[in-house]
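Below: the structure, in structure tokens.
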Amino acid sequence: MILGLIASAILAALDVDPVFGTIAVGLFLFLGVVWVMLRYRVWVYQIRDDSVYLERGVVTNVRTIVPYVRVQHVDTSRGPVERALGLSTLVVYTAGSRGADVSIPGLKPEEARDLQQRLKKLAIEAEGDDAL
């Protein structure tokens with residue numbers, strides 16, 4: 001929507017017919033909705049006995065298994081859009097290489113907090129076990 005409004009303002013500054021600005025707003029809004037639908041079409045998470053399992057993707061399907069012994073800490077975050085929609089994201093930081101953390105978006109804030117506490121307990125219990 002913002003990109004469409006920017007495009008509309010640029011077209012108005014160039015004295016282009018306002019209809020094209022409206023079309024730009026609609027086009028960017030449509031593309032944004034399609035992008036979100038495709039990005040989150042497949043999104044599954046499971047809390048298993050020994051790990052967190054995530055599956056996501058449309059064109060490329062990515063499956064991630066995070067053993068509890070690799071969990072460093074668990075955060076919840078709420079950006080401006082998530083706050084407006086009443087949602088939250090759970091972020092699980094793992095030991096290992098850079099960028100090895102995983103996120104579970106689209107949770108209700110209370111669900112994210114409960115899941116955060118549950119994962120914390122499971123990670124503490126698994127501390128003595130070996131990783132995969």
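Looking at Arg39, Arg48, which is the one that is within 15 Å of the chain's Cα centre (by Cα) and of a type outside the set (A, V, I, L, M)? Break it down into steps so the answer makes sense when it comes.
Details: Arg48 fails: within 15 Å of the chain's Cα centre (by Cα).
After ruling out the rest, the residue left standing is Arg39.
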Check: Here are some residues: Ile47, Ile10, Ile23, Ile65. Which one is at pLDDT 90 or above and open to solvent by 40 Å² or more (accessible area, probe 1.4 Å)?
Finding: Ile65
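Inspect all residues belonging to segment 70-93 and state whether any of them is over 30 Å from Trp35 (Cβ atoms) and not in a strand (DSSP E or B). Write out each step before concluding.
Initially, segment 70-93 is screened for residues over 30 Å from Trp35 (Cβ atoms), giving 70-73.
If we keep only those that are not in a strand (DSSP E or B) as well, we get 70.
Yes: segment 70-93 contains one or more residues that are over 30 Å from Trp35 (Cβ atoms) and not in a strand (DSSP E or B).
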Margin query: List pairs: first residue in segment 35-48 and within 19 Å of Ala112 (Cβ to Cβ), second residue open to solvent by 90 Å² or more (accessible area, probe 1.4 Å) and not in a loop (DSSP other than H, G, I, E, B) anywhere in the structure, Cβ distance under 7 angstrom, at least six positions apart or on different chains.
Written below: Ile47/Arg118
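Just the residues that are surrounded by 17 or more Cβ atoms within 10 Å (Cβ to Cβ) and either aliphatic (A, V, I, L, M) or closer than 18 Å to Arg41 by Cβ (or both), please, taken from segment 51-62. Talk me through it step by step, then tell me what you get.
As a first pass, look at segment 51-62 and keep what is surrounded by 17 or more Cβ atoms within 10 Å (Cβ to Cβ): 51-52, 54, 56.
Scanning segment 51-62 gives Val52, Leu54, Arg56.
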Note to self: Tell me yes or no: at least one residue of segment 73-80 is at pLDDT below 95, surrounded by fewer than 13 Cβ atoms within 10 Å (Cβ to Cβ) and aliphatic (A, V, I, L, M).
What the structure shows: no
Check: Hey, among Val58, Val33, Val44, which residue is β-branched (Val, Ile, Thr) and assigned to a loop (DSSP other than H, G, I, E, B)?
Finding: Val58
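The values are calculated or read from the model by the stated rules, or taken from the named source; none is laboratory data. Given the structure is predicted, the values throughout are model-derived calculations rather than measurements. When we count neighbours, we look across all protein chains shown, and the Cβ atoms used for this are built from the backbone with ideal geometry, even at glycine. Heads up: the accessible areas ignore ligands, DNA and RNA and are worked out on the full protein's heavy atoms, side chains in. Shrake-Rupley method; radii C 1.70, N 1.55, O 1.52, S 1.80 Å.
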